[in-house]
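Here's the structure, in structure tokens; my notes come after.
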Amino acid sequence: MLDLSRLRALHAISVHGSVAGAAAALGYTPSAVSQQITKLERETRTTLLERRGRGVALTEEALHLAATAQQLLAIVEQAETTLEERRGLPTGRLSIGAFASAARGLLPGVLAELDREHPALEARLTEVDPHLSVDLVARGVIDLAVAHDWDIAPLPAPEGVAQAVIGDDQCDLLVPEDHPLAGREAVRRAELAKERWICQPPGTVCHDWLVRTLRAAGYEPDIRHQAEENHTQLALVAAGLGVAMIPRLGRGPLPAGVVAVRLDPVPVRRLYALWRTEAARRPAIRAAVDALRVRGAEVGLAGSGCVASGHPVSSIAGRA
């Protein structure tokens, strides 16, 4: 009889591509995950991992076993969902993935609320790139994701994934305090043609949005500095090295030497909660989405509490 926890470890490695990634997702140490795989190799009398440089790769036998593990884990999830629904209370483990600024500006309050109101629920947060979160939900790697999109880059929701709007996060132009635009009430995008920009690296949602938006305004942005973290971008702005467009969620107080100026029209990114439609009956999902909407309103997300389908969360079970 194959051990389900060991199959779960193998499946996590296949999804995340490394023992360390699997360990982070499962909440274990890399050593514990490696021990699970060693025991699974003994059980199956099969080599499952091969060394590739500093990392590992799944053997062909391991890939087949990981695919079977995904099917088994889906069946277990269905059973757990049924039991939780019959109890009528949020229980068990709920894995949540969120992009960086939501993990910082939204999730601490949500997790504290869930801990306080639902002690039988074990919510776990993992920071994930919004590009990856929808796929992670669809494949059952995480139960719930907080993701975002922009007006020119809509968030895809594949079949089998439901979504609810948490709210809209507005974005400001951040400039040094001695910048000519610092005293303006509002600035149009066409006025930014000669600015030096600070933004996230290529391939990120915010970088792609900035480039596409400014090209649509008729010019190629002069991107001088790239940094993942908003706080690093703010430090570069404070040093007078350029301007940046940064959303408000999770940004915190502006450092000395930085001024926020309203853009006209105001750039907005929309935040969503996403979950598998087959798990929509779970009280844990409903409790988490409700907490996200409430917390979204508390931190100033515009329109928080709306739902993508136009229905309350309690009535969209099974809707894609």
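The values are calculated or read from the model by the stated rules, or taken from the named source; none is laboratory data. The model shown is predicted, which means the values in this text are computed figures rather than measured ones. A quick note on method: Cβ atoms are made from the backbone with ideal geometry, for glycine too, and the neighbour counts reach across all protein chains shown. In case anyone asks, the SASA skips ligands and DNA or RNA and just uses the protein heavy atoms, side chains included. Shrake-Rupley method; radii C 1.70, N 1.55, O 1.52, S 1.80 Å.
The table below gives the values:
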quantity: Residue match in the range 27-42 (condition: outside any helix (DSSP H, G or I) and hydrophobic (A, V, I, L, M, F, W, C)); calculated: no
quantity: Selection count, the range 162-180, where residues are within 20 Å of Ala103 (Cβ to Cβ) and in contact with a helix residue (DSSP H, G or I) (Cβ under 7 Å, 6 or more places away or on another chain); calculated: 3
quantity: Filter result (open to solvent by 10 Å² or more (accessible area, probe 1.4 Å) and in contact with a helix residue (DSSP H, G or I) (Cβ under 8 Å, 6 or more places away or on another chain)) within the range 102-116; calculated: Gly109, Glu113
quantity: Residues of the range 205-227 satisfying the condition of being open to solvent by 20 Å² or more (accessible area, probe 1.4 Å), farther than 16 Å from Arg248 by Cα and in contact (Cβ under 8 Å) with a residue 24 or more places away in the chain; calculated: Asp208, Arg212, Ala216, Ala217, Gly218, Tyr219, Asp222, Ile223, Arg224, His225, Gln226
quantity: Candidate set: the range 35-45, residues that are open to solvent by 60 Å² or more (accessible area, probe 1.4 Å) and charged (D, E, K, R); chosen: the one nearest to Val15 (Cα to Cα); calculated: Lys39
quantity: Residue match in the range 50-62 (condition: in a helix (DSSP H, G or I), under 21 Å from Ala147 (Cβ atoms) and either of a type outside the set (Ser, Thr, Tyr) or without any contact (Cβ under 8 Å) to a residue 40 or more places away in the chain (or both)); calculated: no
quantity: Any hit, the range 243-251, residues being more than 21 Å from Asp149 (Cα to Cα) and among the charged types (D, E, K, R); calculated: no
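Here's the yes/no breakdown for (1) on the phi < 0 side of the Ramachandran plot; (2) open to solvent by 30 Å² or more (accessible area, probe 1.4 Å); (3) modelled with pLDDT of 85 or more:
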{"site": "Ser5", "(1), (2), (3)": "yes, yes, yes"}
{"site": "Val33", "(1), (2), (3)": "yes, no, yes"}
{"site": "Thr47", "(1), (2), (3)": "yes, yes, yes"}
{"site": "Ala69", "(1), (2), (3)": "yes, no, yes"}
{"site": "Glu80", "(1), (2), (3)": "yes, yes, no"}
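Per-residue answers, yes or no, for (1) closer than 27 Å to Leu136 by Cβ; (2) open to solvent by 20 Å² or more (accessible area, probe 1.4 Å); (3) of a type in the set (Lys, Arg):
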{"site": "Glu229", "(1), (2), (3)": "yes, yes, no"}
{"site": "Leu254", "(1), (2), (3)": "no, yes, no"}
{"site": "Leu263", "(1), (2), (3)": "no, no, no"}
{"site": "Ala279", "(1), (2), (3)": "yes, no, no"}
{"site": "Ala284", "(1), (2), (3)": "yes, no, no"}
